[in-house]
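First the structure, in the form of structure tokens, and then the observations on it.
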Ligand code: SAM
Ligand code: SF4
């Protein structure tokens with residue numbers, strides 16, 4: 001992976017003068033888990049023929065880097081269950097201009113794939129973990145196996161990524177009593193942890209998001225009962241606010257779409273597994289890049305032009321609130337978390 005973007009003079013800037021240098025690419029909407037806040041038990045997935053091929057994803061990623069994108073996160077659904085996904089990571093790892101290649105995973109495949117990911121040039125990994133209790137982990141993920149994920153985390157630790165971070169969604173009366181245990185786990189493993197407020201993406205059977213809302217401020221208060229939090233200046237240009245746990249290497253992040261709006265610093269766009277370029281997690285504005293790549297194979301200029309033009313429809317911000325039914329009917333696995 002080249003470390004400089006100096007040869008790429010073009011930059012993506014939207015109508016609110018926000019510089020876009022980060023893309024999250026969803027490589028599948030499918031998953032081996034069914035987390036209660038993300039999916040219904042029975043899900044209808046996109047037919048495979050409608051997904052971008054790995055070659056198409058790699059071409060679009062290349063064009064992104066020509067437009068000044070220097071950070072790509074591969075996500076899903078569960079990205080590591082897409083067949084041959086390592087070939088995609090290998091291609092992305094060789095892109096000139098890309099400074100960070102990262103992925104977000106539920107950890108279930110890491111025993112097998114941590115080494116190939118590291119070899120492909122992945123610098124950072126986010127691993128989702130909402131409970132350290134096997135029964136509860138199963139209830140939240142519906143199909144997940146905690147031991148497999150914990151072994152996956154240890155495997156990732158052993159191969160030496162630059163950074164490993166746990167992602168946790170806290171739900172009131174489901175896992176809010178585990179906040180201290182999860183932070184202690186991160187401290188013990190010398191890794192970071194981010195708490196994400198649940199976002200109203202998609203309607204989910206038997207799941208009342210309002211009733212389970214637990215704010216970042218409440219989580220922070222709970223953590224401070226045991227740990228001293230020192231405000232950190234670190235910024236990923238994204239929505240997280242970070243704190244250092246005093247006396248440890250661990251940073252705690254809070255991603256708070258409800259309680260602290262983060263849109264004015266937004267530096268990111270998202271590509272869905274079907275090839276829709278989404279300009280905002282919480283709005284529907286999008287451009288169909290699959291249509292363009294299939295209508296003009298081999299013509300990177302057409303892709304460039306569409307991506308550049310999409311900057312005019314990037315909205316000022318999302319419209320999430322905790323009271324209403326979702327205004328976004330996409331589930332998080334479709335959007336790419
Ligand atoms: N399957 C991978 C995983 O779980 O890490 C990657 C995709 S998942 C959609 C990415 C992140 O989104 C996970 O950390 C998950 O906890 C989070 N997530 C899913 N649905 C969410 C929701 N409705 N609100 C907030 N976070 C959500
Ligand atoms: Fe799958 Fe990740 Fe959604 Fe859980 S949060 S169901 S692991 S995509």
Has segment 225-237 got at least one residue that is at pLDDT 85 or above and within 16 Å of ligand 1 (Cβ to nearest atom)?
no
Count of segment 100-126 residues which are away from ligand 2 (no atom under 12 Å from the Cβ), assigned to a loop (DSSP other than H, G, I, E, B) and under 17 Å from the mean Cα position of the chain (by Cα):
2
Among 86, 60, 72, 25, which is the only one that is more than 16 Å from ligand 2 (Cβ to nearest atom), outside any helix (DSSP H, G or I), in contact (Cβ under 8 Å) with a residue 24 or more places away in the chain and at negative phi?
72
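Residue-by-condition table, conditions (1) closer than 16 Å to residue 61 by Cα; (2) crowded, with 17+ Cβ neighbours inside 10 Å; (3) at pLDDT below 80; (4) under 21 Å from the mean Cα position of the chain (by Cα):
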{"site": "243", "(1), (2), (3), (4)": "no, yes, no, yes"}
{"site": "261", "(1), (2), (3), (4)": "no, no, yes, yes"}
{"site": "293", "(1), (2), (3), (4)": "yes, yes, no, no"}
{"site": "303", "(1), (2), (3), (4)": "yes, yes, no, no"}
{"site": "328", "(1), (2), (3), (4)": "no, yes, yes, yes"}
{"site": "335", "(1), (2), (3), (4)": "no, yes, yes, yes"}
Considering only segment 86-95, I want to know if a residue exists there that is within 16 Å of ligand 1 (Cβ to nearest atom), more than 25 Å from residue 307 (Cβ to Cβ) and more than 16 Å from the chain's Cα centre (by Cα).
no
Please tell me if residue 196 is modelled with pLDDT under 95, within 15 Å of ligand 1 (Cβ to nearest atom) and either surrounded by fewer than 16 Cβ atoms within 10 Å (Cβ to Cβ) or closer than 22 Å to residue 100 by Cβ (or both).
yes
Identify, by number, the condition in (1) closer than 30 Å to residue 100 by Cα; (2) at pLDDT 95 or above that residue 134 doesn't meet.
(1)
Would you mind finding the one in 113, 132, 98 that is touching a helix residue (DSSP H, G or I) at 6+ places or on another chain (Cβ under 6 Å), more than 25 Å from residue 279 (Cα to Cα) and crowded, with 22+ Cβ neighbours inside 10 Å?
113
Subset of segment 284-298 [in a loop (DSSP other than H, G, I, E, B), closer than 20 Å to residue 199 by Cβ and touching a helix residue (DSSP H, G or I) at 6+ places or on another chain (Cβ under 9 Å)]:
285
Subset of segment 38-57 (residues that are away from ligand 2 (no atom under 16 Å from the Cβ) and surrounded by 19 or more Cβ atoms within 10 Å (Cβ to Cβ)):
52, 57
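The values are calculated or read from the model by the stated rules, or taken from the named source; none is laboratory data. Everything numeric here is computed off the predicted structure, so don't read it as measured data. Please note: Cβ atoms are built from the backbone with ideal geometry, for glycine as well, and neighbour counts cover all protein chains shown.
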